[in-house]
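The values are calculated or read from the model by the stated rules, or taken from the named source; none is laboratory data. The shown structure was predicted, so the numbers you read here are calculated from the model rather than taken from an experiment. Heads up, the Cβs are rebuilt from the backbone with ideal geometry, glycines too, and the neighbour counts pull from every protein chain shown.
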Amino acid sequence: MIHTERINIVPFKMEYLLDYYYGFNHEITKFQWPDPFDSSDNAKEMLQEFLNEMEKDETLLFSILSKDDTFLGSVEVHGLNEECPELGVWIIESEQNKGYAYEALKEVLNYVSTKYGKLSFFYEADTRNIASMKLLHKFENQYEIIEQRLEKLTTDSGKALELQGYILKAKKAIH
């Protein structure tokens, strides 16, 4: 669906279920509300819910693939029917720090702005997740980044999180 020189960003298909399941591990989720899946069946169930939301135009769930169709991660947009949809992106451990998250998120932001007319997005990251904070700041030229209230909480599984939300507001319409 979206192609760059290095990656393809395509609607998620269940053929990538096991890649998603194994990639979405303890290290990836260390600073996130969700935990790794208990089983591939649990992953399939949650991903199917996202696919159902995609059919209703409420969510976008994309696989980030290399040019040879190797699964690199996921980029998501939740709440498309809201004024300020929420963003999510993650890259498998072995492919981190190569710019894939920025490249995928930039392209998806452009796509959502053009197709859905969205100019504001919600981005949330744990303040200790250095990579996610660096990613956010790569968008400072295109978006006004408005810091929200810090939320310290403990997940059901006992993870202590320090979640900082941000509103990314486009400085000008993106086409």
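Does ALA131 meet the test of being at pLDDT below 95 and out of contact with any Leu (no Cβ under 7 Å at 6 or more places or on another chain)?
yes
Taking the criterion of being touching a residue at least 60 places away in the same chain (Cβ under 8 Å), within 20 Å of TYR22 (Cα to Cα) and part of a loop (DSSP other than H, G, I, E, B), the residues of region 35-88 that qualify are ASP35, ASP69. Taken over region 100-143, the residue count meeting the criterion of being surrounded by fewer than 19 Cβ atoms within 10 Å (Cβ to Cβ), among the small types (Gly, Ala, Ser) and assigned to a helix (DSSP H, G or I) is 2. ALA43 fulfils the conditions (1) buried (at least 18 other Cβ atoms within 10 Å of the Cβ); (2) at pLDDT below 95 except for a single criterion, (2).
State yes or no: is LEU150 within 17 Å of THR29 (Cβ to Cβ), of a type in the set (A, V, I, L, M), assigned to a strand (DSSP E or B) and over 14 Å from the mean Cα position of the chain (by Cα)? Answer is no for this residue. Being surrounded by fewer than 16 Cβ atoms within 10 Å (Cβ to Cβ), under 14 Å from the mean Cα position of the chain (by Cα) and of a type in the set (A, V, I, L, M), is that true of even one residue in region 8-19? Yes, region 8-19 contains a residue that is surrounded by fewer than 16 Cβ atoms within 10 Å (Cβ to Cβ), under 14 Å from the mean Cα position of the chain (by Cα) and of a type in the set (A, V, I, L, M). All told, LYS171 falls short of being in contact with a helix residue (DSSP H, G or I) (Cβ under 8 Å, 6 or more places away or on another chain) and basic (Lys, Arg).
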